[in-house]
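These notes concern the structure reproduced below.
The values are calculated or read from the model by the stated rules, or taken from the named source; none is laboratory data. Computed from a prediction, not measured in an experiment: that's the story for all the values here. Here the Cβ positions follow ideal geometry from the backbone for every residue, glycine too, while neighbour counts run over all protein chains shown.
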Amino acid sequence: MNLPPHLSVRDSHLYIGGTDTVELAERWGTPLYVTDEARIIEKFRQYREALEKRYPDVRVLYAAKANGNLAILRTLAALGAGADVFSSGELLLGIRAGIPPERLLFNGSSKSREDLSLAVANNVPVSVDSLDELHQLDEIAGNAGKTAQIAFRVNPALEVPTHPKIATGLATTKFGIAHDLIPGVYREALECRNVDPVGIHCHIGSQILEIEPFARAAGVMMKIVSDLTAMGVNLRFVDLGGGLGIPYHHDSDPVPTPEDYAAAVVPIFLEGIRKAGISPELWVEPGRSLVSDSTVLLARVNSVKDAHSKFVNVDAGFNLLVRPAMYDSYHEVLVANRAGGKPEEIYTIAGPICETGDILASDRMLPRIATGDLIAVLDTGAYGFAMSSQYNSRPRCAEVMVRDGQAALMRRAETLEDLTATMVTPPWQR
Ligand SMILES: *Cc1c(COP(=O)(O)O)cnc(C)c1O
């Protein structure tokens, strides 16, 4: 199996960022998420450089929902990243990580008044998803004596080749405003006293492995940019969203890179702004492609069972990594303490959750596995821990960050006590 440069095999052990995963698992216990900081830095730079060499005024907003650990947000903040935030929690994480508020964008189709108030109080621009929301925001900003900077989220009505649950630019999704209605909503925003329409935004979906949909979306957006400029809207940024996929199958054909993305999309952006006669910032919002391959999930083998399949029962399941159960996703799997071993058996890696669907990987040819071995699930940095739960009353696991042979906790494991910490006894039970 092809391994990215931050993963390697030494003396049959899987290493990440110069540290031995077998030692990490012994030191902090399992399950354990391990993230290589240097890999995230490298990915961020690749992304930004691909765009910046074609247009200098680029802003990369990390989609915080992919992985909201503060250590990761801090890493990206230090590189100058902004963040796409989708909740009050993500907004506060972004600010706490040191991202300047003007580099955040508060997205989402269902923001509460509290969400909007928090954005206004912190001077965070808002991507508005409906006229209803526009008027609520106008009122909230007015009450606060402020002007809210806004974009509208465009629904470009595009089919994109990805899992239907993560295609967000279809005409039928809950996201955004139909592109033919966009001039009308900007006109309405121009009439609001307390909002300033300074941007435009779209995001067509996630885990997209073709460049063409991004180019099509950019085309739709630049047409709108031109119309809006003619209407007198003064656009300061054009945000084309995120969604570039990653090669979860390591031996598959090469997939598009940020360079391919930039080569296809930036010329369309440049042509559009030339026609409109403006020079706004170009914003993009990658999540998965920045953090996914930085991280492995380590799980201990509790037992091996020879049944319908050869089941390897491990201590992490869809409570910690829901993608296989939710999107039928594929993740590469290694036996971390026998990483150099010859593949000899076909195994199914099953989690500890009381559901048939709790399978992390099916029918994988791996070295012979015994109880106590360590399984590494690769490419789990995006939508891994971020989507974890306490289902089956399992405390969430710890997260460790490594860098050049150093390792440190970036989130402690929850304890059994943490499970009941937020529960309250109704008075009649006392
Ligand atoms: C999820 C999301 C992203 C990031 O998507 P990726 O597929 O992780 O790159 C960007 N923008 C918005 C609005 C999102 O909801």
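Identify all residues within the stretch 289-307 that are under 17 Å from ARG323 (Cα atoms) and either of a type in the set (S, T, N, Q) or in contact with a helix residue (DSSP H, G or I) (Cβ under 6 Å, 6 or more places away or on another chain) (or both); write none if there are none.
Filtering the stretch 289-307 down to residues under 17 Å from ARG323 (Cα atoms) leaves 289, 291-299.
Within the stretch 289-307, SER289, VAL291, SER292, SER294, THR295, LEU298 meet the criteria.
Look at the stretch 248-262 and say how many of its residues are aliphatic (A, V, I, L, M) and without any contact (Cβ under 8 Å) to a residue 60 or more places away in the chain.
Let us first name the residues in the stretch 248-262 that are aliphatic (A, V, I, L, M), namely 255, 262.
When the remaining residues are screened for being without any contact (Cβ under 8 Å) to a residue 60 or more places away in the chain, the result is 255.
Here the count works out to 1.
Which condition from (1) in contact with a Lys or Arg (Cβ under 8 Å, 6 or more places away or on another chain); (2) surrounded by 17 or more Cβ atoms within 10 Å (Cβ to Cβ) is the one that GLY142 breaks?
Condition not satisfied by GLY142: (2).
Tell me which residues, restricted to the stretch 264-294, are free of Cβ contacts under 8 Å to residues at least 60 places away in the same chain and either surrounded by 23 or more Cβ atoms within 10 Å (Cβ to Cβ) or in a helix (DSSP H, G or I) (or both). Break it down stepwise before answering.
Here is the first cut: in the stretch 264-294, the residues free of Cβ contacts under 8 Å to residues at least 60 places away in the same chain are 264-265, 268, 271-278.
Result: ALA264, VAL265, ILE268, GLU271, GLY272, ILE273, ARG274, LYS275, ALA276.
Among the numbered criteria (1) at pLDDT 95 or above; (2) at positive phi, which one does ILE140 miss?
(2)
State the number of residues belonging to the stretch 21-49 that are surrounded by 20 or more Cβ atoms within 10 Å (Cβ to Cβ), within 16 Å of the ligand (Cβ to nearest atom) and over 16 Å from the mean Cα position of the chain (by Cα).
Qualifying residue count for the region: 1.
For the subset of the stretch 146-169 comprising residues that are within 24 Å of GLY89 (Cα to Cα) and either without any contact (Cβ under 8 Å) to a residue 12 or more places away in the chain or of a type in the set (Ser, Thr, Tyr) (or both), which member is nearest to the ligand (Cβ to nearest atom)?
Filtering the stretch 146-169 for residues that are within 24 Å of GLY89 (Cα to Cα) and either without any contact (Cβ under 8 Å) to a residue 12 or more places away in the chain or of a type in the set (Ser, Thr, Tyr) (or both), the one nearest to the ligand (Cβ to nearest atom) comes out as THR168.
List the number of the failed condition for PRO197; all other conditions in (1) within 16 Å of the ligand (Cβ to nearest atom); (2) assigned to a strand (DSSP E or B) hold.
It fails just one condition, (1).
How many residues are in a strand (DSSP E or B) and within 24 Å of MET1 (Cβ to Cβ) if we restrict to the stretch 200-256?
We begin by selecting, within the stretch 200-256, every residue in a strand (DSSP E or B); these are 200-201, 205, 208, 237-239, 244.
When the remaining residues are screened for being within 24 Å of MET1 (Cβ to Cβ), the result is 208, 244.
Result for the stretch 200-256: 2.
Considering only the stretch 382-407, how many residues are of a type in the set (A, V, I, L, M) and in a loop (DSSP other than H, G, I, E, B)? Write out each step before concluding.
Quick first cut of the stretch 382-407, residues of a type in the set (A, V, I, L, M) only: 382, 386-387, 398, 400-402, 407.
Filter once more, keeping what is in a loop (DSSP other than H, G, I, E, B): 382.
Number of matching residues: 1.
If TYR327 satisfies every condition in (1) within 16 Å of the ligand (Cβ to nearest atom); (2) surrounded by 23 or more Cβ atoms within 10 Å (Cβ to Cβ); (3) on the phi < 0 side of the Ramachandran plot; (4) not β-branched (Val, Ile, Thr) but one, which is the exception?
Only one criterion is unmet by TYR327, namely (2).
With respect to the numbered conditions (1) within 24 Å of the chain's Cα centre (by Cα); (2) at pLDDT 95 or above, which one is the sole condition not fulfilled by ASP315?
Only one criterion is unmet by ASP315, namely (1).
Checking SER110 against (1) within 13 Å of the ligand (Cβ to nearest atom); (2) modelled with pLDDT of 95 or more; (3) in a helix (DSSP H, G or I), only one condition comes out false. Which one?
It is condition (3) that SER110 fails.
For the condition within 11 Å of the ligand (Cβ to nearest atom), in contact with a Pro (Cβ under 8 Å, 6 or more places away or on another chain) and not polar (S, T, N, Q), what is the one hit in GLY242, GLY287? Full working, then the answer.
Values: GLY287 fails: in contact with a Pro (Cβ under 8 Å, 6 or more places away or on another chain).
Matching residue, one of GLY242, GLY287: GLY242.
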